[in-house]
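Each reported figure results from applying straightforward, stated rules to the coordinates on display, with no laboratory input. Bear in mind the structure is a predicted one, so any value in this text is a computation, not a measurement. In this analysis, Cβ positions are derived from the backbone assuming ideal geometry, glycine residues included, and neighbour counts consider all displayed protein chains.
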Amino acid sequence: MPLPPSLTYFSVANNNMTGSIPASYAQLGKLTTFGIAYNRITGSIAPVMSMAQLKIAYMRNNSLSVKTAL
């Protein structure tokens, strides 16, 4: 489901959701709060790391990964 680029708050916490964070979410340039805690989300948090205005990210209790360069 595409999200409007003007979105500032997004939360789907505690919804038993599965899948991964869509790469397109990186384009949510006005998003300040992102909540996906207590779901079954898997994969990389790379799209979240690209959210320019993000201040708060609730992502606990999922199976997410972070890839870092050494």
- Task: Beta carbons within 10 angstrom, averaged per residue: use that to sort the peptides 51-64, 20-33, highest first.
- Result: 20-33, 51-64
- The long-range amide H neighbours of ILE41, using H built 1.01 Å from N in the peptide plane and a cut-off of under 5 Å, are SER63
- Going out from 0 in 10 Å bins, what whole percent of all Cα-Cα distances in the chain drops into each bin? 21, 57, 21, 1
